[in-house]
Each structure stands twice: as C-alpha cells, then as structure tokens.
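The values are calculated or read from the model by the stated rules, or taken from the named source; none is laboratory data. In this text the structure is predicted, and so the values were computed from the model without any measurement. A quick note on method: Cβ atoms are made from the backbone with ideal geometry, for glycine too, and the neighbour counts reach across all protein chains shown.
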Amino acid sequence: MLTISGLHTIAILQRYEKMIIGQVEGEESEVHYPQPGELSKVPYAEPSWLVEPFASPYYNESHRRFQHEMRKFTDTYVSPVAQRCELDGKRPDVELVKRMGENGLNAMRLGPGKHLKGRKLFADIKPEEFDYFHEMIITQELSRCGQRGFMDGLNGGMVIGLPPILNFGSDDLKEEIVEPVFRGDKFIALAVTEAFAGSDVMGLKTYAQKTEDGQHYIVNGTKKWITNGHFADYFTTAVRTDDGFGVIVIPRSLGVETRQLHTSYSTTAGTAFVMFNNIKVPARYLVGQDGMGIPIVLSNFNHERWVMVCGIARGARGIIEVLLKWINQRKVFGRPLSAQPVVRQKIAFLIAQVEALHAYLEHITHQMNQMSYKQQAKFLAGQIAFLKAWSTRVSEQVADSAVQIMGGRGLTRTGMGAPVEMYHRTYKFDAVLGGSEEILADLGLRQALRFFPKNVKL
C-alpha cells in the first residue's frame, strides 16, 4: 500500500478504493482520506481564521457555520462536476446551477443587497446578516476545485453581467431577467470587451442607433472573449449611442450569433465571440439612462475584480498545500525534498506572499462592508485595483516556483502535478481579465492623485 500511495494521488486511490480486496492483519493505512467538509491539517492550507488557536476580528459564528456547509456542498456536488467538465469542455451541468439556485447560492454570489430580502439562503443564513465575507467564502470554497475554466463557466457571466441590472435596471427589466437567472433557467453574460477595446472601455465600437420613434435600438458590432457567451440567453452589452455610451441587455432570441473561442483553459467557460448584426432591441432593455454607460460599467468592475482576487488568493493557497505535501513525500538523493534549503526558501517566500495577500483581501472586504455601493465606487476603486494587480504578481511567483519544485510533474495534466500544471497554464487569465495589471496599477495611482491635497509640499 505504501508503494501504491507514493505513485498515485489520493483522488485516484479514493476512486478505486472499492477494488481493495483485503488488508494485512495488524496493519493500518498510513494515508488519510479527506472527507467532505473537512479542513486540511496541512500548515497554511487554510486561512488562519479557520485554524486553531488563531483569532480574527472579521468572522463570526455565521461565517464559520456557512464555511463548513459550503465546503461540504463543494466537495459533494461541485468538485466532481468540475473535474469532468474541465476535461470534456462541456458547459457546467445546468442541474448543478439549478441546485445552487434552489438554495440561494446564485443570488448570494452577487453580494449583500435588496435582492436577498425575503429569500431562504444557504446554511440558513439570514439575508440581513449576509455580508461580503460570506460571499468571499462562497468564491473561495468553489475555487478549491482547482479548475480555472470551470470556475468561469459556473455562472461567471451572472456574477459580472447581472449586477448592472440589479443596480441600475428598471423594475420591468429586473422582473424579466433576475429570477430566471437566479433559478438557473436562464443565463447571462457581460459583453464589454472587443477585439480592439479591452481595458480601454472608451474605445469600444459596438453602436446602438435609436430608431426615429424611440422605441428600439439597432445594434451592430462584435464582442470578444465573452465569458459564458456561448450559452448565454442575455448579454449585458456596453455600446456607443448618439448620447455617448449606454448599457443594453440584448436577448439571444433577437438574433445574436456566437462562436466559441479556444483559449488556454477549458471551453467549459463558454468563452465566445459575439456578433450583433442589425439586432433590433426594444428600448425597455436599456439599463439606466442613455449616456450613463461608462459609470455603470466602471462601477461594476469593483465587484468583479474583488471576486477575482477572492479566487486568486484561494487558488494560490491550494498550490501551497500541494507543494508542502509534495516536498514531504518526494525523496531526492536519499532525503525528502524538504531537506533542501533552496526548496524551503522558495516555499517560505510563497507562503509569506499568500498570507499577506489574504490579509490585504480581508482588509478591503471589511471596508466594503462599511460602505454603500456608491461609496465603494468612489473610495475603493483604486484600492481594489491595487489589490488585484498585486494578487496576480503573487500568483505569477507561485506558478513559477511551483513548476520548478514539481519538475516534470508540474508540466503534466494528470497525476500529482495536475493542480500545478493547471495553475501555471491559467493564472494569466486573472492578470488580463477585469483589467490588466498595468491598467489597474495606473488606475489606483490616478485615483490617489485625485485625492491628493493641493496644499501639501516637500
């Protein structure tokens, strides 16, 4: 059994556990098989607020109860689907999305707000006590599946495409779209990025011409790299108009065409090229006021970027756990890899960065709990921009060092190094999506300079 456990991952051993035909009398397995919902005992594999005897001012009993139930849910229902979909490239199971809708998780992924009022939420969390730390727990527990494409495929379009409707849409628009999306009956995507207008939102060219009677918009243009776009029923679309910029929800049923794009992660994300060819959209699908598109889009970025950092921080921590397990069981030159000072130094540096990243994230999350949506847009846009830009610098260090430590296994899509290979192949998505590192760093500093007091001199 010792030889077998040294050659295969725990997941493989668990999968074929039923094939064990006996056990040597008096012998017990030296391998611990994780159970759904359980916390890892590996140092730094869990954030410190989940580890005895550490304390935190940010979390209460409801957060701990919620985390426990979310861990069980993810281990039981999400991870098996994630593993399969990441390989076959098919969209995440609609049945899983509907299960998440039934217990309130889809609605909870959009943070605290009026949309939770009167809902029965997962783990019996009360709508009035739900905060951004609860939402962070959702994202981080889902991220533990380690399948980057699947994470975007699992209603990533809803997380970024539905908030503009919730925050700025008319009551009629909300009534048509929100509940079907929360239930998993309909799917939505955010369509902002174009081939020549990514981080440069002001450079987008998709145009919406209002008809003479004012009852419709005629939309022409294309969008590219749209998450969930290949299977979305609605597209929350940033457009140019005669009044400047606007945001229009465009139903696929009006004639929208999509073509799936192949990127370095799985097609389970449904990444698409979207074509609007003379799409006649009723004016009631306009979100907010015509001409206010840019403020709507920019305010939406804060939550999107914060959610991404939640996943980045948990993904990096997952790699730390893999590396610590590996150096304790891998032997080189007759000694465990952990006996090599250069390896210990690499991992020590990674642990320090990941712990610092999580602390930074918790600080920002606490500020979000203290501010309104408008205040977040004014005071936290720069801080969240810095947080995301730095988080992807950390993930780059983690990805690079992890491959060096794992060697050939870190370049192999199966076996013990599979999590590292996946992480190294996909970490750059977070460095580009939601605003590139360079754009975000500049955004953060420009916001700081706007608040710089004019009467201060050296």
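Just a few scattered comments:
- The helices (runs of 4 or more DSSP H) found entirely in segment 329-448 that carry 1 or more residues being of a type outside the set (A, V, I, L, M) and at pLDDT 95 or above are 341-370, 381-406, 418-426, 428-432.
- Selection within segment 168-203 - aliphatic (A, V, I, L, M) and modelled with pLDDT of 95 or more: 173, 177, 178, 181, 188, 189, 190, 191, 192
- Selected residue (criterion: nearest to the chain's Cα centre (by Cα)) from residues of segment 220-239 that are surrounded by fewer than 24 Cβ atoms within 10 Å (Cβ to Cβ) and part of a strand (DSSP E or B): 225
- Any hit, segment 420-436, residues being over 20 Å from residue 143 (Cβ atoms), of a type outside the set (Lys, Arg), out of contact with any His (no Cβ under 6 Å at 6 or more places or on another chain) and surrounded by 15 or more Cβ atoms within 10 Å (Cβ to Cβ): yes
- Boolean, residue 182 is aromatic (Phe, Trp, Tyr) and buried (at least 24 other Cβ atoms within 10 Å of the Cβ): yes
- Verdict on residue 201 being in the same structural domain as residue 227 (by TED's automatic domain parsing) and not hydroxyl-bearing (Ser, Thr, Tyr): yes
- Picking from residues in segment 149-179 that are within 18 Å of residue 233 (Cβ to Cβ) and without any contact (Cβ under 8 Å) to a residue 12 or more places away in the chain, the one that is surrounded by the most Cβ atoms within 10 Å (Cβ to Cβ) is 176.
- Filter result for the condition that a residue is surrounded by fewer than 20 Cβ atoms within 10 Å (Cβ to Cβ) and aliphatic (A, V, I, L, M), over 439, 405: 439
- Residue tally, condition at pLDDT 65 or above and farther than 23 Å from residue 338 by Cβ, over segment 1-32: 11
- Here 46, 86 are screened, and the one residue that is touching a Ser or Thr at 6+ places or on another chain (Cβ under 6 Å), closer than 14 Å to residue 137 by Cβ and either assigned to a loop (DSSP other than H, G, I, E, B) or among the acidic types (Asp, Glu) (or both) is 46.
- So residue 146, is it of a type in the set (Gly, Ala, Ser), in a helix (DSSP H, G or I) and under 19 Å from the mean Cα position of the chain (by Cα): no
- In this structure, residue 273 does not satisfy being under 25 Å from the mean Cα position of the chain (by Cα) and at pLDDT below 95.
- Complete set of residues in segment 43-92 that are of a type in the set (S, T, N, Q) and in contact with a Pro (Cβ under 6 Å, 6 or more places away or on another chain): 76
- Candidates 206, 267, 211, 193 - the one that is among the hydroxyl-bearing types (Ser, Thr, Tyr), buried (at least 18 other Cβ atoms within 10 Å of the Cβ), outside the structural domain of residue 432 (by TED's automatic domain parsing) and more than 18 Å from residue 296 (Cβ to Cβ): 267
- Residue match in segment 295-310 (condition: outside any strand (DSSP E or B), modelled with pLDDT of 95 or more and of a type in the set (Ser, Thr, Tyr)): no
- Qualifying residues in segment 368-383 (those that are surrounded by fewer than 18 Cβ atoms within 10 Å (Cβ to Cβ) and either in contact with a Phe, Trp or Tyr (Cβ under 8 Å, 6 or more places away or on another chain) or of a type in the set (Asp, Glu) (or both)) - the one nearest to residue 323 (Cα to Cα): 369
- In segment 52-67, the qualifying residues are those that are assigned to a loop (DSSP other than H, G, I, E, B) and touching a residue at least 40 places away in the same chain (Cβ under 8 Å), and the one that is farthest from the chain's Cα centre (by Cα) is 56.
- Residue match in segment 68-80 (condition: assigned to a helix (DSSP H, G or I), under 20 Å from the mean Cα position of the chain (by Cα), touching a residue at least 24 places away in the same chain (Cβ under 8 Å) and surrounded by fewer than 16 Cβ atoms within 10 Å (Cβ to Cβ)): yes
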